[in-house]
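Values quoted throughout were computed directly from the atomic coordinates according to the rules given, and no laboratory measurement underlies them. All values reported here derive from a predicted model rather than from experimental measurement. Cβ coordinates were reconstructed from backbone atoms using ideal geometry, including for glycine residues, and neighbour counts include every protein chain displayed.
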Amino acid sequence: MWPRFGRHRQDATPLNVAPPAASPVGVDPREVERAYEQGLGEGRRIERRRRSHPVRNLMIGLVALAGGVMLGVAAWHGSFGKGGEVVDQKLAVAADRAEPTLRAAADEAGAVLGGAGRDLQTATDPEPGPAQDASGVPGQDL
């Protein structure tokens, strides 16, 4: 029969705990300490490699938050079907309101970039003057 957790032996020790073993003879406590520290450092290095990327954690958190919101809306409206309809309606309204704003912002950004391009072009154009060759002396054509 498997021992149950929480049950105790007659001597009041839990059944799932092994009795203490006799300390090994000839083992230097400093070596045990050194091996412990080495294992601890190696475990920390492995754990550092196992950590995940913060952007991935952010994305997982956002997806979990969206799922929680969906569950809350479904609970509020009594079913997933009604909750889904409400979310779809809200997203459609948000998209309808956002489209003209995004279009206006894109048009404005295009106009600003076009003006900056024209200003840059006029600033870099050479001033019209007498024809110069590679030697820098005006008026001499070879």
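Name the pairs: first residue in segment 99-125 and on the phi < 0 side of the Ramachandran plot, second residue surrounded by 10 or more Cβ atoms within 10 Å (Cβ to Cβ) and outside any helix (DSSP H, G or I), Cβ to Cβ under 7 Å, at least 6 apart or on different chains?
Filtered contacts from segment 99-125: no entries.
Go through the residues of segment 54-70 one by one and say whether even a single one is outside any helix (DSSP H, G or I) and within 22 Å of the chain's Cα centre (by Cα). Talk me through it step by step, then tell me what you get.
First, pick out the residues of segment 54-70 that are outside any helix (DSSP H, G or I): none.
There is no residue in segment 54-70 that is outside any helix (DSSP H, G or I) and within 22 Å of the chain's Cα centre (by Cα).
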